[in-house]
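Have a look at the structure below, then the notes.
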Amino acid sequence: MGLLKRLFGAPERGSAPRLYAAVVAKGRAPHWYAEGQVPDTIDGRFDMIAAVLCMVLLRLEEAPEGIAPSTALAECFIDDMDGQLREIGIGDIVVGKHMGRMMGMLGGRLGAYRAGLAEGSLAPALARNLYRGHAPENAALAHVEARLRAFRDALAATPIDSVVAGELPQ
């Protein structure tokens, strides 16, 4: 835990921790790793949680009242990734470098998924980002794309207040 957090405690983030927990739970659903063939590794879990997180962030950015919660949600992600890195033994000296790279990866994925949704296909972005250039069988890729699209559509139909409160659609 960082010095500032030890001295001053964690910042107040409203319902963002609950929303982040819902994102992580959705990203850890077994179907992503079984039917979707997402590698069940540290990197694979990061990539899947990032994909779900991107869908939620894209929904939050659609409404003015989603801006502050999206920032708090991103901060929850940063805190979690920082803790995960430390848990696997990454030392203080290089955690910042890893965090910068992870945030860059999240930003890149956010742009790629936003563009893929606008263009009508997430498959190229998923092959590059979720599978890190090693696309699985077509059925697995189709499964992940269909489930992420369905989740995105359900998010669009969910009131922003419900999303902010961590009530994600199934």
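List of remarks:
For every residue, the table says whether it meets (1) modelled with pLDDT under 95; (2) of a type in the set (Phe, Trp, Tyr); (3) under 22 Å from Pro30 (Cα atoms).
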site	(1), (2), (3)
Leu58	no, no, no
Ile78	yes, no, no
Ala125	no, no, yes
Val144	no, no, yes
Phe151	no, yes, yes
Pro159	no, no, no
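- Any hit, region 113-122, residues being part of a helix (DSSP H, G or I), within 14 Å of the chain's Cα centre (by Cα) and not acidic (Asp, Glu): yes
- Selection of region 128-164 for residues being touching a helix residue (DSSP H, G or I) at 6+ places or on another chain (Cβ under 7 Å) and among the hydrophobic types (A, V, I, L, M, F, W, C) yields Leu130, Ala135, Leu141, Val144, Leu148, Phe151, Leu155, Ala156, Ile160, Val163, Val164.
- Residue count for region 147-170, restricted to those that are surrounded by 12 or more Cβ atoms within 10 Å (Cβ to Cβ), assigned to a helix (DSSP H, G or I) and more than 17 Å from the chain's Cα centre (by Cα): 3.
- In the set (1) modelled with pLDDT under 95; (2) buried (at least 20 other Cβ atoms within 10 Å of the Cβ), Phe46 fails one condition alone, (2).
- Screening region 123-138 for residues that are without any contact (Cβ under 8 Å) to a residue 40 or more places away in the chain and assigned to a helix (DSSP H, G or I) and picking the one that is least open to solvent (accessible area, probe 1.4 Å) gives Ala125.
- Across region 1-42, the qualifying residues are those that are in a helix (DSSP H, G or I) and open to solvent by 80 Å² or more (accessible area, probe 1.4 Å), and the one among them that is modelled with the highest pLDDT is Pro30.
- Which numbered condition Ser70 fails, given (1) touching a Leu at 6+ places or on another chain (Cβ under 7 Å); (2) at pLDDT 95 or above; (3) hydroxyl-bearing (Ser, Thr, Tyr): (2)
The values are calculated or read from the model by the stated rules, or taken from the named source; none is laboratory data. Computed from a predicted structure; not experimentally measured. Positions of Cβ are generated from backbone atoms using ideal geometry, with glycine treated the same way; all protein chains shown enter the neighbour counts. Side chains are part of the model used for accessible areas, which takes the heavy atoms of the whole protein and leaves out ligands, DNA and RNA. Shrake-Rupley method; radii C 1.70, N 1.55, O 1.52, S 1.80 Å.
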